[in-house]
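Here, each number is a calculation from the coordinates, and none is a lab measurement. A quick note: this is a predicted structure, and the numbers were derived from the prediction, not measured. Using ideal geometry, Cβ is built from the backbone for each residue, glycine included, and neighbour counts are taken over all protein chains shown.
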Amino acid sequence: MAPPKKDTEALTLRLPREMIEAIDDRRRREVDVPTRPEMIRRALVQWLSMTDDVAKQ
């Protein structure tokens with residue numbers, strides 16, 4: 001396993017089992033089948049970009 005990238009911080013998050021299953025179902029639809037953490041990062045990046053657009057209106 002590669003060492004963590006610099007300027008990052010670990011985050012522990014508890015989620016309901018149903019949400020974890022939904023994340024797993026969604027990530028399996030990706031061509032590269034990302035890990036759970038990567039899928040969550042992608043979802044957060046998308047959500048942040050969407051909310052940034054709304055805030056600018």
Dipole of the stretch 17-56, Cα-centred, from +1 at each Lys and Arg C-beta and -1 at each Asp and Glu C-beta, to the nearest 20 debye? 40
Length added when fully stretched, Arg29-Met50, from 0.36 nm per residue minus Cα-Cα: 5.4 nm
So, counting K/R as plus one and D/E as minus one, what does the shell of residues with Cβ under 12 Å around Met39 add up to? +2
Prolate/oblate/rounded call for the stretch 13-53, Cα gyration tensor, a/c under 1.5 rounded: oblate
